[in-house]
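Q: Here it is: the structure, laid out below.
The values are calculated or read from the model by the stated rules, or taken from the named source; none is laboratory data. Here the structure is a predicted model, which is why all the values come from computation and not from measurement. Using ideal geometry, Cβ is built from the backbone for each residue, glycine included, and neighbour counts are taken over all protein chains shown.
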Amino acid sequence: MLITVHRPGLLLSRDVSSLGLDPAMLRRSHARGALVRVRRGAYVETSVWAEMGVEERHATTAVAAAASCRSEVVVSHLSAAVLHGLPVVGAPGAAVHVLVPPAGGSRREHGFVKHARAVGRDGLDVVQGVLVTSVATTLIDVCLTETFLRAVVMTDEALRRRLVTRAELLADFDSRGTVRGARRVGSVVEFADPRAASPLESVSRVGIRLLGLPDPALQHVLREEGRHVATLDFWWASEGVAGEADGTDKYFDEGMLAGRSSKEALLDEKDRENAVRRLPEVTGFARWGWADALDLGRLAERLAAAGLIIPRRHFPGEYDRHGRTS
């Protein structure tokens, strides 16, 4: 059954044929280097492909793979998460995750990771013309097959965007009629927090937990004489330590700059930090970025310098591309 996909930039041989044109023109363009072949019969302009991030490329590949199948497929697991717009820590890889009937068994072949499970029409979503598992089902699959780090980042985001509730997540797992993986699912659902405002904050939360530190308050508001001073990413009240997980977007993204130059944004942030440091309840201030959050040793140094006592001195180092610690 042919599906009508809605992935910007994706060119399908079958669509070219339906217009009465010769699909060989796509192959010739590919041979000249003008097109990148994503899957058999699916192409993207080379310049467009070059500008895509790893998640965009995986989403494009997933849509192309589903469109190229003669029978209807359901995109699932990590691939479904990408199509739902959930952030992935580390490269998602080239293989596309799909559900297949149990009789065939789970396997990897032809660029697919095939997960054997009965598929019903209820509870499926359509994204860009492709059948995908629901957000709740997708997140439970991610909890069961991916790292704690990856699962937390996605679940934080889904809760924050109100794409799903904790009750819906637990109900999805309960409907599977098994206790296998209950601890993994429970640990993610319990730890996930919609107040984490970005993937960087979510990664930082996991690192803080792995270091053995108490969980900080998120999005804590500091005031002085009733006046708002700052809303902090992280706050350890008993230690008086403020924490900020800063990506580079706030200094370069035009939407976040709100008409300011990067230099002006940097100076504004410095003024904000100084205002926080002057408050009597603040004894330390830590700021870190992606490179620190992904390396537990560096994150520990940042937090210790602000006055936090790191209880675990023997901890893993960097997360690998799959979100595991080394």
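Q: Looking at T137, T165, which is the one that is in the same structural domain as L99 (by TED's automatic domain parsing), within 23 Å of G90 (Cβ to Cβ) and among the polar types (S, T, N, Q)? Give the steps one after another, and end with the answer.
A: Working: T165 fails: within 23 Å of G90 (Cβ to Cβ).
Every option except T137 fails the conditions.
Q: Return yes when V152 is farther than 19 Å from P87 by Cβ and of a type in the set (V, I, T) and no when it is not. Step through it out loud before you land on a result.
A: On the way: farther than 19 Å from P87 by Cβ: no; of a type in the set (V, I, T): yes.
No.
Q: Something else: Out of the residues in the range 94-121 that are of a type outside the set (A, V, I, L, M, F, W, C) and within 20 Å of V135 (Cα to Cα), state the one that is modelled with the highest pLDDT. Explain how you work it out, then say what you get.
A: Kept after step one, since they are of a type outside the set (A, V, I, L, M, F, W, C), are these residues of the range 94-121: 97, 101-102, 104-111, 114-115, 117, 120-121.
Subset that is within 20 Å of V135 (Cα to Cα): 97, 114-115, 117, 120-121.
On the way: H97: 96, K114: 91, H115: 92, R117: 89, G120: 77, R121: 75.
That would be H97.
Q: How many residues does the range 63-84 hold that are in a helix (DSSP H, G or I) and at pLDDT below 95? Please lay out each step first, then the result.
A: If we filter the range 63-84 for residues that are in a helix (DSSP H, G or I), which is where we start, we get 63-68, 77-83.
Add one more test, that the residue is at pLDDT below 95, and what stays is 63-68.
Going through the range 63-84 one residue at a time, the tally reaches 6.
Q: Moving to a separate point now. Restricting to the range 42-79, and then to whatever is more than 23 Å from the chain's Cα centre (by Cα) and not hydrophobic (A, V, I, L, M, F, W, C), can you tell me which residue is surrounded by the most Cβ atoms within 10 Å (Cβ to Cβ)?
A: My answer is Y43.
Q: Any chance you could count how many residues in the range 113-126 are within 14 Å of E72 (Cα to Cα) and either assigned to a strand (DSSP E or B) or among the polar types (S, T, N, Q) (or both)?
A: Number of matching residues: 4.
Q: Sort out which residues of the range 111-125 are free of Cβ contacts under 8 Å to residues at least 60 places away in the same chain and surrounded by 12 or more Cβ atoms within 10 Å (Cβ to Cβ), and write them in order of number. First the steps, then the outcome.
A: Our first condition is that a residue be free of Cβ contacts under 8 Å to residues at least 60 places away in the same chain; within the range 111-125, this holds for 112-125.
If the condition is that a residue be free of Cβ contacts under 8 Å to residues at least 60 places away in the same chain and surrounded by 12 or more Cβ atoms within 10 Å (Cβ to Cβ), then F112, V113, K114, H115, A116, R117, V119, G123, L124, D125 are the ones that fit.
Q: If only one of V89, V38 is assigned to a strand (DSSP E or B), hydrophobic (A, V, I, L, M, F, W, C) and touching a residue at least 12 places away in the same chain (Cβ under 8 Å), which one is it? If you could, list the steps in order and put the result at the bottom.
A: On the way: V89 fails: assigned to a strand (DSSP E or B).
Exactly one of V89, V38 is assigned to a strand (DSSP E or B), hydrophobic (A, V, I, L, M, F, W, C) and touching a residue at least 12 places away in the same chain (Cβ under 8 Å), namely V38.
Q: Quick check on L35: is it in contact with a Leu (Cβ under 9 Å, 6 or more places away or on another chain), closer than 20 Å to A62 by Cβ and either at pLDDT 85 or above or of a type in the set (D, E, K, R) (or both)? Steps first, please.
A: Details: in contact with a Leu (Cβ under 9 Å, 6 or more places away or on another chain): yes; closer than 20 Å to A62 by Cβ: yes; either at pLDDT 85 or above or of a type in the set (D, E, K, R) (or both): yes.
When the stated conditions are applied, L35 passes them.
Q: Out of the range 232-241, which residues are without any contact (Cβ under 8 Å) to a residue 60 or more places away in the chain and either surrounded by fewer than 19 Cβ atoms within 10 Å (Cβ to Cβ) or of a type outside the set (F, W, Y) (or both)? Don't jump to the end; show me each part of the working.
A: So the first thing to find is which residues in the range 232-241 are without any contact (Cβ under 8 Å) to a residue 60 or more places away in the chain, and the list is 232-235, 237-238.
Matches in the range 232-241: L232, D233, A237, S238.
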